[in-house]
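The structure appears below as structure tokens.
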Amino acid sequence: MPRQPIINVSHTDDSIFVNLRNQFETLEVDADGNIVWEMDWSVYGSNVDPHEPDILPNGNLLICLQNDSAYAAVEIDRDTKEEVWTYPKGTLRTARDCDRLPNGNTLIVAVDTGGTSAMTDDYSVMLEVTEAGETVWRMTANTKATGQSPGYFYKAERLTAGWTPSTTAD
């Protein structure tokens, strides 16, 4: 059975970014519906399932890759499509979300294999890494293995200091 498109959509003031996860492409579509930019992520592997593209303040694109990609997170220059920053996959099986934080670090949500091929040993993780790839902190949900599922964490957002939840619906 052919793979069906899974689409993530984000936007800037002038365009919409469409992430065709199962086709390994990210497209920028302008207000008139024209494709003005595209990236074919299959250059990173034959089964990379790109997730959650983010346009950074400098115009670069940060995205999570998984499966047979060598990287869990990749930042590219959108003009040249050259890599600006990468975080190696290591023991991460899937990476679902990555966000560049105001301090320059990157928050990554993934599933860690623990270095084994048995999916019964896989656990959901959130980690913050520096530009040099050093782990600042890591949280693991290790009370129950994820098995073949994509994990228990899918997205995470860094809250600002002093944040409190709203008491009213917005």
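The values are calculated or read from the model by the stated rules, or taken from the named source; none is laboratory data. In this text the structure is predicted, and so the values were computed from the model without any measurement. Cβ sites come from the backbone with ideal geometry, for glycine too, and all protein chains shown count toward neighbours. All accessible areas refer to the heavy atoms of the entire protein, side chains included, with ligands and DNA or RNA removed. Shrake-Rupley method; radii C 1.70, N 1.55, O 1.52, S 1.80 Å.
When the range 100-119 is filtered for residues that are closer than 23 Å to Glu131 by Cβ and polar (S, T, N, Q), the ones remaining, listed by number, are Asn103, Asn105, Thr106. Count of the range 86-105 residues, restricted to those that are polar (S, T, N, Q), outside any loop (DSSP other than H, G, I, E, B) and more than 19 Å from Glu157 (Cα to Cα), is 1.
Kindly evaluate Lys89 against the criterion of being farther than 12 Å from Leu62 by Cα and open to solvent by 30 Å² or more (accessible area, probe 1.4 Å). The answer is yes for Lys89.
Take Asn47 and decide whether it is farther than 21 Å from Leu159 by Cβ, open to solvent by less than 70 Å² (accessible area, probe 1.4 Å), polar (S, T, N, Q) and at pLDDT below 85. No; evaluated as a whole, the condition is false for this residue. Here the range 30-60 is the region considered, the condition is being touching a residue at least 40 places away in the same chain (Cβ under 8 Å) and not β-branched (Val, Ile, Thr), and the residue that is farthest from Ser15 (Cα to Cα) is Asp49. Filtered by the rule that a residue be assigned to a strand (DSSP E or B) and open to solvent by 30 Å² or more (accessible area, probe 1.4 Å), the range 127-137 gives Thr135, Val136, Trp137. Screening Arg96 with (1) more than 16 Å from Trp41 (Cβ to Cβ); (2) buried (at least 20 other Cβ atoms within 10 Å of the Cβ) gives one miss only, at (1).
Against the test of being surrounded by fewer than 16 Cβ atoms within 10 Å (Cβ to Cβ) and in a strand (DSSP E or B), the options Ile63, Ile16, Ile108 yield a single qualifying residue, Ile16.
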